[in-house]
1. Given 0.36 nm per residue, what is the gain on full extension from Ala33 to Ala132 after removing their alpha carbon distance, in nm?
2. Tell me, what HN-Hα J-couplings in whole Hz come from the Karplus equation 6.51 cos²θ - 1.76 cosθ + 1.60 at θ = phi - 60° for each residue of the stretch 86-97, using x for Gly and Pro?
3. Quick one: net charge around His139, please, counting Lys, Arg +1 and Asp, Glu -1 for every other residue with C-beta under 9 Å from its C-beta.
4. Using a Gaussian network for the chain with springs between C-alpha atoms less than 10 Å apart, which of these wobbles most: Leu198, Leu106, Leu53?
5. Determine one quarter of the surface area of the Cα convex hull of the stretch 157-270, which equals its mean projected area, and express it in nm² to one decimal.
6. Would you mind computing the Rg to Rh ratio of the stretch 138-219 from its alpha-carbon coordinates, Kirkwood style for Rh?
7. If the elastic network links every pair of Cα atoms under 10 Å, which of Ile42, Ile268, Ile200 fluctuates the most in the Gaussian network model of the chain?
8. Among all the lysines, which ones have a C-alpha under 18 Å from Lys149's C-alpha, if same-chain residues fewer than 8 places away are not counted?
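What follows draws every value from the coordinates through simple rules; no lab data is involved. Because the structure is predicted, anything quoted here is derived from the model rather than measured. Cβ coordinates were reconstructed from backbone atoms using ideal geometry, including for glycine residues, and neighbour counts include every protein chain displayed.
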Amino acid sequence: MAKKTSILSLQDKKARGEPITMITAYDYPSALAAERAGIDSILVGDSLGMVVLGYDSTVPVTMDEMIHHCKAVRRGAERAYLIGDMPFMSYQADVAEAVRNAGRFLKEAGMDAVKLEGGREVAPAIEAITRAGMSVVGHIGLTPQSVAKIGGYLVQGATANDAQRLLDDAFAVQDAGAVMVVLEKVPDRVAARISRKLRIPTIGIGAGLGCDGQVLVLHDMLGIFDRFTPRFVKRYAEVMKEMERGLSAYREDVEQRRFPDCEHSFPIDDAEWAAWAGSRDGSGAADEESAWHGQLIGC
Ligand code: KIV
């Protein structure tokens, strides 16, 4: 079995200038696929609210939903560094509650770290969770849990003032003890400058090539979620189209009585069949064999 990825190995990648690979996953098969593809780190993102549970935003996602999906991912991923995303209102109101909720991700779901959104305003929560012995990944720039306050899924740090505020937030998160930080929807030159100034790795999503690593939402990049596709998403597959194709073919096979064929059915030995079909319990079975909606049954 491959060696478990630690935060130190990810931080070493930054030191060596090697890109860190991260992807979201929400269940056992997607975690297995990420592991087999050799991805360094899996984020069980609260994006699951939109791409798996069908909510309109990440705001309704609950702690219990996150823990449920993190446990499934954990069962599929032995090697990748696992990050559980703290949902809206699980860390904002109260630092003690933030520590207790972060603890659930490690204790109940086997995550290696938690992620939370925000800059200097969440520094006390990051500090407290870190002091309790857990690793925290920050998330600045576009923070989808605050989309109503921001006014939309807008690029962040696009003016000189906003870029400086973003850099200050990045330092606040690092100084509070974060081990990595996600930069979402930030101009590429701003993200590259922040990445060079920080000691901890930056993981970009819509933040250009200059970050220390990259993350994408699995359902976006594989074409499983196709309600909308952000500009920063590159499509590597069209899985929803493939699912629709397979399901339509199955429906047609069933409707045309082409499935199940002999390859997917189980025969009974001819002698046993004759003995049973002629017996009292099996009376009428011989008729069914010869005609079932005009089709011969018997493999
Ligand atoms: O929830 C999520 O998937 C995320 C990524 C977009 C970074 O936070």
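1. Numbers: separation 99, 0.36 × 99 = 35.64 nm, distance 3.24 nm.
Gain on stretching Ala33 to Ala132: 32.4 nm.
2. Rounded to whole hertz, the list is 7, x, 3, 6, 9, 9, 7, 7, 7, 5, 5, 5.
3. -2
4. Greatest mean-square fluctuation among the candidates belongs to Leu53.
5. Details: hull surface 48.5 nm².
Quarter of the Cα hull surface area: 12.1 nm².
6. Numbers: Rg = 11.6 Å, Rh = 12.4 Å.
Checking Rg against Rh, the ratio lands at 0.94.
7. Ile268
8. Lys185
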